[in-house]
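The values are calculated or read from the model by the stated rules, or taken from the named source; none is laboratory data. Bear in mind that the values here come from a model prediction, so they are computed numbers and not experimental data. Every residue, glycine among them, receives a Cβ derived from its backbone with ideal geometry; neighbour counts consider all protein chains shown. These accessible areas exclude ligands, DNA and RNA; they are computed on the full protein's heavy atoms, side chains included. Shrake-Rupley method; radii C 1.70, N 1.55, O 1.52, S 1.80 Å.
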Amino acid sequence: MPFPLAGKGQTLFLLSIFLLLGATFHQFFSIAAKENQSEIWEEQSAEMPLINFKKDNKARSIVYNATSNVNEVRGFVERPASPALRNINTRIDPEKKKRYDGVVIATKVKDTKQLSNLKIWVCLINTAFNGNYKYDIVIFTTLPWSEEQIHELQNASYPANLTVALEGPPLEDQLAAMAPVEIQLLRKRCHVKNETEKLTWNHLCADPPTAKKSDTLGYAWQAEFRAYHIWTHPALKKYTYMMWLDTDALVAAPWVDVDPVKTMIENDLTVLYSGWPYGKSQNRFVQEKIHHFYNEWICKVKWTKPNGAYIFAKVCKDPQKDWFNLLQLAGNHHITNLNVFRKPIHQAFLKNLTGEYRFSRQFDDQLAVTIVGVMEQHLENKKRGHTVESPEFRYSLWHESSNNITLNIAHHGMYDTTIERKAPRNKKVFYNTIKKNWNEIEKCGHYFPT
């Protein structure tokens, strides 16, 4: 029997049929995807370096390869939108603001080239939050500042007390204290073949020596300093809690009804962090170090479902076969309990982590803060007989945004380490953007470029 339509009519009829079938299949699979959403959150392939979740109205946290010479992470891990959680000690009555003892705000620079940016940095923090509390501020520096430069930044920080502290001895003194074999290795890493050439903080050095990528010696030192030396530095001796913000982590709104310090202290946390995951390590050598000092085989760091409010260490079922994938905390902003990091067991681990040779870039502050944080949490719960599966398990590493702590800290083009919350990178644009809803920020306007 001949087809009832011919020519253009037949073509249009067939096209309509195909479109109708396509729409039906699309609707069917969309419904199936939604029905299986809970199963999607459980997916984690041992062969893949990422946890791939399907998009369903979730804010995403960026995965960034912040640790060089470790298997690179590409792509993003999606974080579910933060629900209204328990709200413990987060929202505050403006009339009941409390200043806690032993709190310091800190950051680090190489030299005075960051002075102009530090004025912006400190003015934003004081205007948003610290003007009410006047917590001390410590600026660590690799190279010394003049008295005039220190006073200039202190004036910008007033009324908060600000100290500029040298991180350690000059490079020449540190090199003089190293063994000849250490110097030989360092010169090889820094591609210095001429014996009369002096090493400087600006030399590009590979780590390990065979690595293709190189960082400046000064950058390698900051990784070592922030991973190990900072916790017992004399400038922090009198403090118990450190709020860290990188110099390019800029506060973009007032913290009117949130107090991260209060949340940190009242809940006895080890780390209150802005972002996870933010880089990873799959280096089995790191896993062996963890086992050596903590007597535990850890295979992963995971977050709690469904909201990602906390992270925890996952013990291996079979250390020889299980995939080691340690996803790290972001280093641009967090609050840490200094007394925890000063414990002998953690200091011994951190010294070993960074101590294979001097000025290593492989194992940095992100790895250090993550491992000490999750291992402290794990060991304290283990003492009480609590496993992560038990309701009594006490989490001491909290994600800020998922616990209703929105600080609007701009860093790497996003707010609060959330990729979908875009932030201006240009300082002039940044200032003009935030002042629309923050009149008080005009007091910082003369520090911004025009």
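Once the piece of chain linking Lys212 and Glu172 is laid out straight, how much longer is it, given 0.36 nm per residue of separation minus the C-alpha distance between them?
Extra length from Lys212 to Glu172 when fully extended: 11.7 nm.
Label Asp257 and Ile183 with points 7 Å out from Cα along Cα→Cβ: what is the distance between them in nm?
A separation of 6.2 nm, rounded to one decimal place.
Take the solvent-accessible surface of the protein heavy atoms, probe 1.4 Å, and return the percent of it on the range 196-333 that carbon and sulfur atoms account for.
Carbon with sulfur: 52 percent of the solvent-accessible area.
Hand me the trypsin sites (Lys or Arg not before Pro) from the range 373-450 located in a DSSP loop with no more than 16 other Cβ atoms within 10 Å, in residue order please.
Taking the range 373-450 and a limit of 16 other Cβ atoms within 10 Å, the loop trypsin sites (Lys or Arg not before Pro) found are Arg384, Arg394, Arg425, Lys435, Lys436.
Give the relative contact order (percent, whole number) for the range 144-263; include only Cα pairs under 8 Å separated by 6+ residues. Mind showing how you got there, number by number?
Numbers: 59 pairs, mean separation 17.4, N = 120.
Normalised by residue count, the contact order of the range 144-263 is 15 percent.
Please give the solvent-accessible surface of Asp248 in Å², to the nearest 10, using a probe radius of 1.4 Å with every protein chain present.
We get 70 Å² for Asp248.
At 1.4 Å probe size, what's the solvent-accessible area of Glu420? Round to the nearest 10 Å².
80
In nm, give the distance between the simple-model label positions of Leu379 and Lys317, each being 7 Å from the Cα along the Cα-to-Cβ direction.
2.8
Anything over 18 Å Cα to Cα? Flag those among Lys314/Lys382; Lys213/Lys302; Lys108/Lys212, in the order listed. Kindly include the intermediate steps, with their values, before the conclusion.
On the way: Lys314/Lys382 13 Å; Lys213/Lys302 29 Å; Lys108/Lys212 27 Å.
Going by Cα-Cα distance, Lys213/Lys302; Lys108/Lys212 fall outside the 18 Å limit.
Which value, in Å², gives the accessible area per residue of the range 345-450 when a 1.4 Å probe is used on the protein heavy atoms? Spell out each step's value before the answer.
On the way: 4740 Å² over 106 residues.
On a per-residue basis, 45 Å².
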